[in-house]
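A.B. asks: Dropping the structure in here first, questions after.
The values are calculated or read from the model by the stated rules, or taken from the named source; none is laboratory data. Quantities reported herein were computed from a predicted structural model and do not represent experimental measurements. Cβ sites come from the backbone with ideal geometry, for glycine too, and all protein chains shown count toward neighbours.
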Amino acid sequence: MKKITVISPANIAFVKYWGRRDDSLILPLNSSVSMNMSGCTTTTSCEWGEWENDSIKIKYLGKEMIETTGVAREKSLKVVNRIRERLGTKLKVKIESENNFPEATGIASSASGFSALTKALYESYGENLSEREMSIETRLSGSGSASRSISDGFVVWEQGVKNDGSDSYAYSIADENHWDLRDIVCVVDVGNKKVSSGEGHIRPKNEYMQSRLMHIDDRVKQTIEAIKSKDLEKLGVVTEIEAMSLHTVCMMSEPPIFYWTGATLELMAEIRKMREEGVLAYYTMDAGANVHIITEGRFESVIVSQVEKLPYVKQLILNKPAKGARVI
Ligand code: PMV
């Protein structure tokens, strides 16, 4: 069977996925909206054959390609075994996966990693799934947000209403050339996050979650409108409120989840200051301390020159909108 290589981006959510209505089918409590990130990609090659064992190797920037161990191996093997069963085969796989970003930045490699893995497994077996089917299969990998990395550019993941999850999939609302939006990732914390998003999704049962869900459909609508009309101010305002809503829910969970550090808060204040000076920059944070600055290409160099001076900013990763997962 043919060896196939797939490249897939990570994505940053403007409206976040947080909480599930079904844990085994990875069905979210709300729809979410994101942009693929050009600077954070995983390239995965896969080949099926009559070998004795599966081999799953991974390489991070500046590191060796090594056979995975521990949790990473467990999670990848779960995906391989599920898809092997679906394909009805006993063949084994040889997988080699490479990330173009460093291992310990706290940048979620799960979206790029699991979308690349899922697509590479199917494509190398000769199964051509539709984009919708591929998105659903990727959702079932365990990382729901990875389902948003299959389609191009700006993507909506519909929560769906059906119990079997057949209407919970992601699709593109505008391709990567639609808008010169940027995501400047400011790495302020290189430690591994303490509470995984997987654990976070099953924890948020508090009154702030009710309030979050009351507003979420309107935020999804506003975000889609802002993207379609390329309205940075509108996108920025709703993105920041949405990030605050997510992190409030986390902090009010039982037991609480605190993802931010002092540097996160300092950087948020810096960004608000830049805005007062006419630089349209907005922040959002995923399940971690690192800050994503959302802006347009015309502001990128001035923002970079300001934030690279800050002693607590350890690294910057510059992103434009990117294509979804594709065979190379
Ligand atoms: O897909 P997961 O299980 O890694 O969860 C992603 C959660 C957030 O990154 C915080 C939000 C999102 O929608 O990407």
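A.B. asks: Just one of (1) surrounded by fewer than 24 Cβ atoms within 10 Å (Cβ to Cβ); (2) under 23 Å from SER172 (Cβ atoms); (3) at pLDDT 90 or above trips up SER110, so point out which.
C.D. replies: Tallying (1) surrounded by fewer than 24 Cβ atoms within 10 Å (Cβ to Cβ); (2) under 23 Å from SER172 (Cβ atoms); (3) at pLDDT 90 or above, SER110 fails exactly one: (3).
A.B. asks: If you take the residues in region 268-281 that are in contact with a strand residue (DSSP E or B) (Cβ under 8 Å, 6 or more places away or on another chain) and in a loop (DSSP other than H, G, I, E, B), which one is farthest from VAL237 (Cα to Cα)?
C.D. replies: Going through the qualifying residues, I end up with VAL279.
A.B. asks: Can THR43 be described as among the β-branched types (Val, Ile, Thr), surrounded by 17 or more Cβ atoms within 10 Å (Cβ to Cβ) and under 30 Å from ASP175 (Cβ atoms)?
C.D. replies: Criteria met by THR43.
A.B. asks: Let me ask something else. Do we have ILE303 as touching a residue at least 12 places away in the same chain (Cβ under 8 Å) and in a helix (DSSP H, G or I) here?
C.D. replies: Yes; evaluated as a whole, the condition is true for this residue.
A.B. asks: Just give me the residues in region 23-72 being assigned to a strand (DSSP E or B), in contact with a helix residue (DSSP H, G or I) (Cβ under 9 Å, 6 or more places away or on another chain) and polar (S, T, N, Q), in sequence order.
C.D. replies: SER32, SER34, ASN36, THR41, THR42, THR43, THR44, SER45
A.B. asks: Limited to region 122-171, what total is found for residues that are under 27 Å from GLU50 (Cβ atoms), of a type in the set (A, V, I, L, M) and more than 15 Å from the ligand (Cβ to nearest atom)?
C.D. replies: Residues in region 122-171 being under 27 Å from GLU50 (Cβ atoms), of a type in the set (A, V, I, L, M) and more than 15 Å from the ligand (Cβ to nearest atom): 2 in total.
A.B. asks: Quick one: in region 207-238, which of the residues that are polar (S, T, N, Q) and in contact with a helix residue (DSSP H, G or I) (Cβ under 7 Å, 6 or more places away or on another chain) is nearest to VAL291 (Cα to Cα)?
C.D. replies: Per the criteria, the residue is THR223.
A.B. asks: Turning to a different aspect of this structure: Residues that are modelled with pLDDT of 95 or more and more than 13 Å from the ligand (Cβ to nearest atom): does region 31-38 have at least one?
C.D. replies: yes
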